[in-house]
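For reference, the structure is listed below as structure tokens.
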Amino acid sequence: MKPMAHLGVGIGWRPEIADAVERLSGLDWVEVVAENVCPGHLPESLLRLRERGTRVVPHGVSLGLGGADRPDAAKLAALGERAVALGAPLVTEHIAFVRTSSPVLEAGHLLPVPRTRDALDVLCENVRIAQDALPVPLALENIAALFAWPGEELTEGQFLTELVERTGVRLLIDVANLHTNRVNRGEDPAAVLDAIPLEALAYVHVAGGIERAGVWHDTHAHPVPPVVLDLLAELRSRVEPAGVLLERDDDFPSEAELAGELAAIRAVVTAGPAAPAAPITAGSADAARTEPDPEQAAESGPVAESGPVAESGPVAESGPVAESTRTRVALGQAALLSALVAGTPVPEGFDRRRIRVQARALAAKRADVVAKVAPELPVILGGPDPYREAFLSYAKGRPMTSGYRRDALDFAEDLLIRDLPADPAARRRLTTWWRDRAGAEPPRRIVRWVRTLSGRAA
């Protein structure tokens, strides 16, 4: 596998800190949440960064490549369009599942896939489908998890290594997620770093979190703790990463604090020589990886002008995944997600306390994101606290089946069905808000009643 193009030290671009990001000195690159930008209407801040030579990498969060279903062609096309619009050298996503199709449920969050042979087979095929559809190379991130699956057959290191061997995909290693999994699942970050093929490393994520009642929450809303910087140093002692990126998604600090965190990251990255990445052991990958296959390179599509990531050489071949395998993975994921968002019984073997913690976290995140995409709702409902109370009550009986914007509309409609809010003026404002966005008249009372009954039955 050829060396990754150099990126340097960067930060996750977010609208709330766009001005500060432009002013940060020594910034080499930025990463943007792919679903939050439109190729034809890129934010002026991103355009200015690109004009001065700052690389921009789109980071997807909704593909769900670890899910039982094959990747959605429209989502893949959208991710590819953003890569081209941003002149990106690669795109990144996650080793996670985010939805099920039977029943139709959305997690609104990245959930861990079981480290089983079935799940790995499905993931590898989904990754190959994505690679064929994308115009630039793909890298996948290890995620943070609150719980473990029962009956896992592979360690994290084995799972990631075989994924690389079978697909040639790059890895985006999040050292904060390694720490999260150390606290929550008892996994050794050093053992993961020792096991994975570091020559496949695309870049590294660094982020903050917080521990509550023995559970580490990967919030991206707290300062990077020393223990995460120590893990970055552990990785740096093994390989010199092509890029390291600071993630911050909420509770944004001052510009000076952001600059200080970037300086701390840069100090770790530049502190002393790193050992070269060890080659993948004979028999575990493919001896021909150092000689890229010209046909495979040609099939990967055009590469963005801002510095391509070289494609890998030949990868291990495998046949199509049997539908029975996908069905087994689908049944397990549906049972888990239904327990998390629809209140069904927790599947056998899971830590019930951890599943309850995850369910509460998913509901809280759902309320927070809906408030961001529809900021008028907390205002109409009398403030953040009444809004949150009303939304969490609604969420108990109405799992999310589409995106957050649809969820906001469904929440508003549910309130109107129940003749809420109680204040007539607020109810009129909510009706107007719903009508303006739904493009229709509020449903008549009999229709509301039928929808309510059908929703309860579901």
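When PRO399 is tested against (1) within 26 Å of ALA213 (Cβ to Cβ); (2) in a helix (DSSP H, G or I), only condition (2) is not met. Has the stretch 1-13 got at least one residue that is of a type outside the set (A, V, I, L, M), open to solvent by 20 Å² or more (accessible area, probe 1.4 Å) and over 17 Å from ALA242 (Cα atoms)? The answer is no; no qualifying residue exists. Selection of the stretch 386-397 for residues being farther than 15 Å from ALA426 by Cβ, modelled with pLDDT of 95 or more and open to solvent by 50 Å² or more (accessible area, probe 1.4 Å) yields ARG388, LEU392, SER393. Determine, yes or no, whether VAL84 is of a type in the set (A, V, I, L, M, F, W, C), under 15 Å from GLY60 (Cβ atoms) and open to solvent by 40 Å² or more (accessible area, probe 1.4 Å). Yes.
To keep it simple, each residue is scored yes or no on (1) touching a residue at least 60 places away in the same chain (Cβ under 8 Å); (2) of a type outside the set (Asp, Glu); (3) open to solvent by 10 Å² or more (accessible area, probe 1.4 Å).
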| residue | (1), (2), (3) |
| --- | --- |
| ARG182 | no, yes, yes |
| GLU199 | yes, no, yes |
| ASP230 | no, no, yes |
| ALA242 | yes, yes, yes |
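Do we have ALA221 as under 24 Å from the mean Cα position of the chain (by Cα), touching a residue at least 40 places away in the same chain (Cβ under 8 Å) and open to solvent by less than 40 Å² (accessible area, probe 1.4 Å) here? No; evaluated as a whole, the condition is false for this residue. Can you tell me which residues in the stretch 29-39 are out of contact with any Asp or Glu (no Cβ under 9 Å at 6 or more places or on another chain) and not in a loop (DSSP other than H, G, I, E, B)? Listed by number, the residues that qualify are TRP29, VAL30, VAL32, GLU35, ASN36.
Rundown of residues vs (1) modelled with pLDDT under 95; (2) open to solvent by less than 20 Å² (accessible area, probe 1.4 Å); (3) under 23 Å from ARG353 (Cα atoms), yes/no style:
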position: ALA107; (1), (2), (3): no, yes, yes
position: LEU110; (1), (2), (3): no, no, yes
position: ARG117; (1), (2), (3): no, no, no
position: VAL122; (1), (2), (3): no, yes, no
position: LEU134; (1), (2), (3): no, yes, no
position: LEU140; (1), (2), (3): no, yes, no
position: PRO150; (1), (2), (3): no, no, yes
position: GLN158; (1), (2), (3): no, no, no
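So that you can scan it fast, the table gives a plain yes or no per residue for (1) basic (Lys, Arg); (2) under 24 Å from GLY319 (Cα atoms); (3) over 18 Å from the mean Cα position of the chain (by Cα):
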{"residue": "VAL127", "(1), (2), (3)": "no, yes, no"}
{"residue": "GLN131", "(1), (2), (3)": "no, yes, no"}
{"residue": "TRP149", "(1), (2), (3)": "no, no, yes"}
{"residue": "THR161", "(1), (2), (3)": "no, yes, yes"}
{"residue": "GLU165", "(1), (2), (3)": "no, yes, yes"}
{"residue": "ARG170", "(1), (2), (3)": "yes, yes, no"}
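Is it true that VAL175 is touching a helix residue (DSSP H, G or I) at 6+ places or on another chain (Cβ under 8 Å) and of a type in the set (Val, Ile, Thr)? For VAL175, the condition - touching a helix residue (DSSP H, G or I) at 6+ places or on another chain (Cβ under 8 Å) and of a type in the set (Val, Ile, Thr) - is met. Can SER338 be described as modelled with pLDDT of 50 or more and either open to solvent by less than 30 Å² (accessible area, probe 1.4 Å) or among the aromatic types (Phe, Trp, Tyr) (or both)? So SER338 fits the description; yes.
Of everything listed in (1) within 30 Å of THR344 (Cα to Cα); (2) part of a loop (DSSP other than H, G, I, E, B); (3) at pLDDT below 95; (4) open to solvent by less than 30 Å² (accessible area, probe 1.4 Å), the single unmet condition for PRO442 is (1).
Whenever a residue of the stretch 97-111 is in contact (Cβ under 8 Å) with a residue 60 or more places away in the chain, its partners that are surrounded by fewer than 20 Cβ atoms within 10 Å (Cβ to Cβ) and in a loop (DSSP other than H, G, I, E, B), lying with C-beta atoms within less than 7 angstrom and at least six residues away or across chains, give the pairs SER101/ASP69; VAL104/THR401; LEU105/ALA342; LEU105/THR401; GLU106/THR401; GLU106/SER402.
Under the condition of being part of a loop (DSSP other than H, G, I, E, B), open to solvent by 10 Å² or more (accessible area, probe 1.4 Å) and within 14 Å of ARG82 (Cβ to Cβ), the residues counted in the stretch 43-62 number 3. Of the strands (runs of 3 or more DSSP E) lying entirely inside the stretch 113-230, those containing at least 1 residues that are of a type in the set (Asp, Glu) are 138-141, 170-174, 210-212.
The number of residues in the stretch 63-75 being under 20 Å from ALA330 (Cβ atoms) and either outside any loop (DSSP other than H, G, I, E, B) or of a type in the set (Asp, Glu) (or both) comes to 4.
In the set (1) open to solvent by 30 Å² or more (accessible area, probe 1.4 Å); (2) closer than 24 Å to ALA144 by Cβ; (3) out of contact with any His (no Cβ under 8 Å at 6 or more places or on another chain), the condition left unmet by ASP410 is number (2). Exactly one residue out of ALA330, ALA371 is over 23 Å from ASP69 (Cα atoms) and crowded, with 18+ Cβ neighbours inside 10 Å, and it is ALA371.
Within the bounds of the stretch 288-309, is there any residue that is under 18 Å from ARG170 (Cβ atoms), among the small types (Gly, Ala, Ser), in a loop (DSSP other than H, G, I, E, B) and at pLDDT 90 or above? Checked against the condition, which is being under 18 Å from ARG170 (Cβ atoms), among the small types (Gly, Ala, Ser), in a loop (DSSP other than H, G, I, E, B) and at pLDDT 90 or above, the stretch 288-309 yields no hits at all.
The values are calculated or read from the model by the stated rules, or taken from the named source; none is laboratory data. Please read these numbers as outputs of a predicted model, since none were measured by experiment. Glycine also receives a Cβ, built like all others from the backbone with ideal geometry; neighbour counts cover every protein chain displayed. The area values use the complete protein model at the heavy-atom level, side chains included, leaving out ligands, DNA and RNA. Shrake-Rupley method; radii C 1.70, N 1.55, O 1.52, S 1.80 Å.
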